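Engineer: Below are the structure tokens for one structure; questions will follow.
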Amino acid sequence: MDISAIRKDYTIKSLDISDVNVDPIIQFKAWFEEAVIAQVLEVNAMTVSTIGLDGAPNARILLLKGIDTGFVFFTNYSSEKGKELENHSLASLTFFWPELERQVRIRGKIEKVTAEESDLYFFSRPIGSQIGAWVSPQSQVIDSREDLNDRLTVFEKQFTENSISRPPHWGGYRLLPNTIEFWQGRPSRLHDRIKYVQKGDNWEIVRLAP
């Protein structure tokens, strides 16, 4: 296979500063709604990039679970990403919606959501997912899949829908953005890139070269 020959020309839409809202979060919500309507596969999937304990970048796919003053996701605080965010609170998110030929890049500071917010989302999850949060020592080395299954059996006997609690090591983060870039694919790789940069209480909006 000649990987270098794989290419696609982007022709669906265009993007100009005159097209976007002055508030990037409102603009993101508009794009997100379009992606939902377009039935983008795993529309809330995003790459969460952190700074590793060794100083190198580290990335993985998570699911966005809320949009308010920032972008909310949930995970194990004791996981690799949790330890990295505890050590360095800056992170970035990347969304790619190929059906619309769009990408959004978001950078900012991470904070933990409140315990109440974590509880609210935790108890909205299926019981299997709730138990799973107790079962998995996320990012730690385990001997085998059987060990994980054994832990599952133990916690399934321990908890019911009425007795389970949220693990103290599990909860949410909110990324508070300071820059957001909206990328719209265009022909001949001359893509449209509109970037918001936070300036105090306001946002500066600029166009970037592709």
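Each reported figure results from applying straightforward, stated rules to the coordinates on display, with no laboratory input. Quick caveat: nothing in here was measured; it's all calculated off a predicted structure. Positions of Cβ are generated from backbone atoms using ideal geometry, with glycine treated the same way; all protein chains shown enter the neighbour counts.
Engineer: What order do you get for R207, R151, R102, R174 when you list them from fewest to most C-beta neighbours inside 10 Å? Could the numbers behind the result be given before it?
Structural biologist: Details: R207 12, R151 17, R102 23, R174 20.
Final ranking by Cβ density, sparse to dense: R207, R151, R174, R102.
Engineer: Turning to a different aspect of this structure: Considering lysine pairs in the chain that are 8 or more places apart or on different chains, how many have Cα atoms under 24 Å apart?
Structural biologist: Number of lysine pairs found: 20.
Engineer: Give me the net charge of K8's neighbourhood, meaning all other residues with Cβ under 13 Å from the Cβ of K8; Lys, Arg count +1, Asp, Glu -1. Please list the in-between numbers first.
Structural biologist: On the way: positive: R7, R186, R189; negative: D9, E99, E101.
In short, 0.
Engineer: A further question on this structure: So how do 78-88, 111-121 stack up, highest first, on mean other-Cβ count within 10 Å?
Structural biologist: Values: 78-88: 17.5, 111-121: 15.1.
The peptides rank, most packed first, as 78-88, 111-121.
Engineer: Tally Lys/Arg at +1 and Asp/Glu at -1 over every other residue whose Cβ is under 14 Å from the Cβ of A45; what's the total? Spell out each step's value before the answer.
Structural biologist: Working: positive: R60, K65, R102; negative: E42, E99.
With Lys, Arg at +1 and Asp, Glu at -1, the neighbours total +1.
Engineer: Okay, moving on. Quick check for me: using +1 on Lys/Arg Cβ and -1 on Asp/Glu Cβ, what's the dipole size of the range 124-165 about its Cα centre, in debye to the nearest 20? If you can, show how the numbers build up before the last one.
Structural biologist: Details: 4 positive and 6 negative charges, 33 e Å.
Its charge dipole is roughly 160 debye.
Engineer: With n ≥ 4 as the cut-off for DSSP H runs, can you work out [θ] at 222 nm for the chain, using -39500 (n - 2.57) per run divided by the number of residues, rounded to the nearest 500? Don't skip to the end; give the middle numbers.
Structural biologist: On the way: 5 runs with 53 residues, N = 210.
Computed ellipticity for the chain at 222 nm equals -7500 deg cm²/dmol.
Engineer: Hey, can you list the DSSP H helices of the chain whose Cα span along the axis is 18 Å or longer and whose average Kyte-Doolittle score is at least 0.5? Spell out each step's value before the answer.
Structural biologist: Details: long enough: 24-37 (20 Å, 0.71); 145-158 (20 Å, -1.43).
Span-like helices in the chain: 24-37.
Engineer: Here's something else I'd like to know. Net charge near A133, counting Lys/Arg +1 and Asp/Glu -1 over other residues with Cβ under 11 Å of its Cβ? List each step's numbers first, then the result.
Structural biologist: On the way: positive: R125, R166; negative: none.
Taking every other residue near A133 into account, the sum is +2.
Engineer: Highest mean first, what order results for 24-30, 41-47 on Cβ atoms within 10 Å? Please report the intermediate quantities before stating the final value.
Structural biologist: On the way: 24-30: 16.9, 41-47: 14.9.
Descending packing order for the listed peptides: 24-30, 41-47.
Engineer: Charges on Cβ only, +1 for Lys and Arg, -1 for Asp and Glu, centred on the Cα centroid of the range 124-165; of Q158, I127, S139, which one is farthest towards the dipole's positive end?
Structural biologist: So the residue we want is I127.
Engineer: Is the C-alpha gyration tensor of the range 1-80 telling us rounded, prolate or oblate? Criteria: a/c under 1.5 is rounded; beyond that, a/b larger than b/c is prolate, otherwise oblate.
Structural biologist: It is oblate, given that a/c is not under 1.5 and a/b is not larger than b/c.
Engineer: What is the log10 of I(q)/I(0) for the range 124-165, computed with the Debye formula using one identical point scatterer on each Cα and no solvent, at q = 0.23, 0.29, 0.30 Å⁻¹?
Structural biologist: Log10 of I(q)/I(0), two decimals: -0.76, -1.05, -1.09.
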